[in-house]
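Right, one structure below, let's go through it.
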Amino acid sequence: MNHKIGFNPLSRTTAHRRAMSRNMVTSLFRYERVTTTKSKALEVRKAAEKLITRAKVDTVHNRRIAAKFIADGKILNKLFTEIGPRMKDRNGGYTRILKMGYRQGDAADVVLLELVDYKLPEPEDKTAKTAKKEAPKAAESADTAKKAPAKKATAKKAPAKKAKTADSAEKSTKAEADKADAKKE
């Protein structure tokens, strides 16, 4: 009989298991959805739900307790300012586990652990994307056409002569000297 088996050690040392759990909970709060194995998801879910329950009441004490588990300040702030208030009306069951199948290499059960109120980002239409990009460009060109004064006609200048380099200057002086010598003779 398996009495008082409180958690799955996941065949890891205590330090490795705690670090993995902290990283996965942080990733869950950052992306609101992670893909992992079933046994890891069941363990991470316990910690995540306790932290969300704490985050429903934003106090210094609750923030400090959550900060022991979540090292990233931005994610900790997101937990207390966004995720906690979203779950205010819910009495538990903040996460869901969706089965995805089996992993190719070792046939482990792969699941999707996500927050219950997670919504997929809506894909934008390609035509809407191009319209959004072209609209600001058209507005900018119209604004610059209004602001820019008409250009005055200017006479074209003759192209500047190239400056002689030191090597070409030496060659030309030698050639001139040779011509002068040829004339003397």
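Values in this text are rule-based calculations from the coordinates and carry no lab data. All figures in this text were calculated on a predicted structure; none of them were measured in a lab. Cβ: placed from backbone, ideal geometry, glycine included. Neighbour counts: every protein chain shown.
Computed values, structure above
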read-out: Segment 91-122: number of residues that are among the polar types (S, T, N, Q) and not in a strand (DSSP E or B); value: 2
read-out: In segment 1-54, the residues that are in contact (Cβ under 8 Å) with a residue 60 or more places away in the chain and not in a helix (DSSP H, G or I); value: 32, 33, 34, 35, 36, 37
read-out: Subset of segment 55-83 [over 19 Å from residue 93 (Cα atoms) and not in a helix (DSSP H, G or I)]; value: 58, 59, 70, 71, 72
read-out: Pairs, first closer than 14 Å to residue 28 by Cα in segment 104-120, second surrounded by 12 or more Cβ atoms within 10 Å (Cβ to Cβ) and among the small types (Gly, Ala, Ser), C-beta under 9 Å, six or more apart; value: 111/41; 112/41; 113/41; 113/48; 115/48
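Yes/no matrix, rows are residues, columns are (1) among the β-branched types (Val, Ile, Thr); (2) over 23 Å from the mean Cα position of the chain (by Cα):
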| residue | (1), (2) |
| --- | --- |
| 3 | no, yes |
| 16 | no, yes |
| 33 | no, no |
| 55 | no, yes |
| 60 | yes, yes |
| 74 | no, no |
| 83 | yes, no |
